[in-house]
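Before anything else, here's the structure in question.
The values are calculated or read from the model by the stated rules, or taken from the named source; none is laboratory data. A quick note: this is a predicted structure, and the numbers were derived from the prediction, not measured. Quick reminder, even Gly has a Cβ in these numbers, built from the backbone with ideal geometry, and neighbours come from all protein chains shown. With ligands, DNA and RNA removed, areas are computed over all heavy atoms of the protein, side chains included. Shrake-Rupley method; radii C 1.70, N 1.55, O 1.52, S 1.80 Å.
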Amino acid sequence: IGGYLFSHVAAYHAGVAVRNILVPVGKKKVAYDVLPWVTFTDPEAARIGLTEEEAMQKGPVRVIRFPYSEIDRAQAEAETHGFIKLVLGAKNDDILGAHIVGAHGGELLAEIALAMKYKLGLDAIFSTTHAYPTYTTGLQQASFEAYLESESIKGARKFIRPVLSLRG
């Protein structure tokens, strides 16, 4: 039907069409606000939601960058080139967008897409138990770093940072 030329978008369109045919009451519309993009290069390049520049046009933002070199699974597989970048609301933990360049970036995007679609925020990611060692623990670590910089713990930060500095 045109638009975004991704196979996952075609499957999404088909799902909406079939649902609307089978359940004609309360028809669903196609929405592209949480649309994953992945370029399957080496390393993979993946993104979802707003870019940093697009988000800044709508208001103040926070940007967290987390290097793949800090992800234990990436170290074990010698895939340390890359990063996770989270674009967040300045005053809250709303995920406005994310960009991942690195091994398995497309798979990491799925957890962010789920959080964005259901407006779960970062705490849903960092408070979920992730299998270790996986690339998703890197996403969890990036989310925790963003949480440490958030307004929600501003008062407790002076106590938390010294304790975390002991982790080495």
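For a 22 Å ceiling on Cα separation, which of these pairs sit above it: LYS28/LYS58; LYS85/LYS119; LYS27/LYS117; LYS29/LYS58; LYS27/LYS58; LYS28/LYS91?
LYS28/LYS58; LYS29/LYS58; LYS27/LYS58; LYS28/LYS91
Here's another thing I want to ask about it. Ignoring everything except DSSP H segments at least 4 long, calculate the 222 nm mean residue ellipticity for the chain; use -39,500 (n - 2.57) per segment, divide by total residues, nearest 500.
One gets -12000 deg cm²/dmol as the mean residue ellipticity at 222 nm.
If exposed means no more than 16 neighbouring beta carbons inside 10 Å and the site is in a DSSP loop, what's the longest run of the chain without any exposed chymotrypsin sites (Phe, Trp or Tyr not before Pro)?
Longest stretch, sites excluded: 41-117.
Give the ranking of LYS29, LYS117 by solvent-accessible surface, highest area first, calculated with a 1.4 Å probe.
Ranked from most to least accessible, the order is LYS29, LYS117.
Keeping all protein chains in position, work out how much accessible area ASP33 exposes to a 1.4 Å probe, and write it in Å² to the nearest 10.
110
Find, among the GluC sites (Glu not before Pro) in the range 46-96, those assigned to loop by DSSP (not H, G, I, E, B) with at most 13 other beta-carbon atoms within 10 angstrom.
Taking the range 46-96 and a limit of 13 other Cβ atoms within 10 Å, the loop GluC sites (Glu not before Pro) found are GLU77.
Okay, moving on. In the Gaussian network model of the chain, springs joining C-alpha atoms below 10 Å, which of SER150, SER127, SER69 carries the largest mean-square fluctuation?
Answer for the Gaussian network model of the chain: SER127.
When the chain is fully extended, how far beyond the present Cα-Cα distance does MET56 get from HIS130, taking 0.36 nm per residue of separation?
23.5 nm
Which distance in nm do the two modelled labels at LYS117 and TYR32 give, with both placed 7 Å along the Cα-to-Cβ direction?
In this crude spin-label approximation the distance works out to 1.8 nm.
Next question, about the same structure. Suppose accessible area is computed on protein heavy atoms with a 1.4 Å probe; arrange LEU120, LEU108, LEU166 from highest to lowest.
LEU166, LEU120, LEU108
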